[in-house]
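Engineer: Before I ask anything, let me first share the structure, which is written out below as C-alpha cells.
The values are calculated or read from the model by the stated rules, or taken from the named source; none is laboratory data. None of the values given here were measured: they were computed from a predicted structure. Note that each Cβ is placed from the backbone with ideal geometry, even for glycine, and that neighbours are counted across all protein chains shown. The area values use the complete protein model at the heavy-atom level, side chains included, leaving out ligands, DNA and RNA. Shrake-Rupley method; radii C 1.70, N 1.55, O 1.52, S 1.80 Å.
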Amino acid sequence: MSALALGASTAPASLRVLVLCTALSPPQLTSVLTSLKDSSKKAGSHKTRELLWKAYGDMLTWAGGGDGTIDAFLMFKAGEDVNEGKLQIQELTKRQRGCCGSLDILGRKHTPAGEEEGKCRGWAMVWTEDEASSAFEDLLDGEPCIYCTGDKVYVGTRYKRVMCKGISSVKTVKDVDALVPTLLPDNPLRSVSFTSNSPPSINSYNFILAGPWTSKFGEDSENCCSATSTDAVYDCFLACKASSLMADANKLIAQMITDVEKGLTACIYAASMKEAGVARRNALMKKVYVHESKAKFIQGAKEDGGIEVNVVNGNIEGSKFSEFGGIVFEIHYRTDLAMFG
C-alpha cells in the first residue's frame, strides 16, 4: 500500500499512537483496529479516549481503501489538539518484514476477531503516548545488549530480541569467563537491527548477566540483573553504558587538563556549548560525550553525520563531567577554536 497522510497539523506534533502491522490483509487490519477503537472507550481519561478514537478512526479510513498485504508502521502524530493530528504510513522494508517474523517483538500481538489462535500469520502491535516514540526509536535504532540467563544467550533491545545460543548452566565467574570469548558476531550473536545486518560484539558495557542466579556475584556487580524481563535487563544495560561513557568522558577531561598544563594547543574541549557549536559548524568535531539534557545539540550532531555521538544518561552530579558542563569533545587535530569565530 502507498504512503498517505491524513489531516493537517497547525501545532507542534509528536508521535502519539504507533501501530506496527505485519502480514495482515486490509479486512484483517480493519478487524483489529475496530476492536482497538471500541476498547478505547475504556481509557482512563477523556484526553486519552479522544486521542485513541481519532487515531484509530483515521487508521480505519486508510486501511479500508487498500488491497494486498499490509506491512507498515501506522503513525498518528498530534499536538494538544488531536483533531488536527495526522496519520503517516511508513511501509516496512524487506528486512523489517523479515525481522517481524524472525525476532521476538515484545508486547501484545493483536489478531483479527474470529481468527483461530495461532493460525493467523499476521498481527499488529500498539504503543501509545510516550511509549510510542520510545518504541519506534528502539525498533529502528535501539542499541542492542547481549545477555545470559544461565542457560540461554540473547541479543536484544527493550522491544525486540533473539535467542542466539542454548548453553549448559552457567553458574560461576569461571563459567562466565569461559563463555564470553565464544560469543562472537554471527557466531552465535545475531543482529536484531531493523536497518542492517549488524550482529553485535561484546564491549565494556553491553554484556549483562540476568536472573536470580546472579545473586552470588554480589550486589556490587554492575552488569548483573536479578530479573530476566527485557525491561529490567535493558535498564541494567543502560546503567552500565552510562557508567562506561562517564568514565570515558572523564578520561578525556583529564587529558584536556594535562594538555593545558603542558601548554599544548587543544584537541579536546569541555564546558562550552559555544565551542561545541563552532566545532560542529566547521566539521572539526570527531567525537563527543554529551549529557542527555542537551537534546537539541544531540539531534543536530547526529544529523550532521561523521561525528561519534555518545549520549550520557542519568544523574551526573558530583562528576568531573558535570563540573565541565556535561559535554566534552575531541576534534580532528589540535587547533584553537577561537580562530573559527
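Engineer: Being under 24 Å from the mean Cα position of the chain (by Cα) and aromatic (F, W, Y) is the filter; apply it to region 215-258 and report the residue that is nearest to I105 (Cα to Cα).
Structural biologist: Ranking the qualifying residues of region 215-258, first place goes to Y234.
Engineer: Which residue pairs have Cβ atoms closer than 6 Å, lie 6 or more positions apart in sequence or on different chains, and pair a first residue in region 271-296 that is closer than 16 Å to N310 by Cα and assigned to a strand (DSSP E or B) with a second residue that is open to solvent by 60 Å² or more (accessible area, probe 1.4 Å) and not hydroxyl-bearing (S, T, Y)?
Structural biologist: K286/H332; K287/E308
Engineer: Also, quick follow-up: Condition first: within 30 Å of V176 (Cα to Cα) and among the aliphatic types (A, V, I, L, M). Now tell me which residues in region 111-154 satisfy that.
Structural biologist: Matches in region 111-154: L139, I146, V153.
Rundown of residues vs (1) in a loop (DSSP other than H, G, I, E, B); (2) open to solvent by 50 Å² or more (accessible area, probe 1.4 Å); (3) among the basic types (K, R), yes/no style:
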residue: R16; (1), (2), (3): no, no, yes
residue: L20; (1), (2), (3): no, no, no
residue: L33; (1), (2), (3): no, no, no
residue: G44; (1), (2), (3): yes, yes, no
residue: G57; (1), (2), (3): no, no, no
residue: W62; (1), (2), (3): no, no, no
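Engineer: So, in region 200-227, exactly how many residues are surrounded by fewer than 17 Cβ atoms within 10 Å (Cβ to Cβ) and not in a helix (DSSP H, G or I)?
Structural biologist: The qualifying residues number 11.
Engineer: Still on this model: Looking at K294, K286, K262, K251, can you tell me which residue is touching a His at 6+ places or on another chain (Cβ under 8 Å) and either acidic (D, E) or open to solvent by 40 Å² or more (accessible area, probe 1.4 Å) (or both)?
Structural biologist: K286
Engineer: Let me ask you something else. Checking R158 against (1) at pLDDT below 95; (2) within 18 Å of A232 (Cβ to Cβ), which test does it fail?
Structural biologist: All conditions pass for R158, except number (1).
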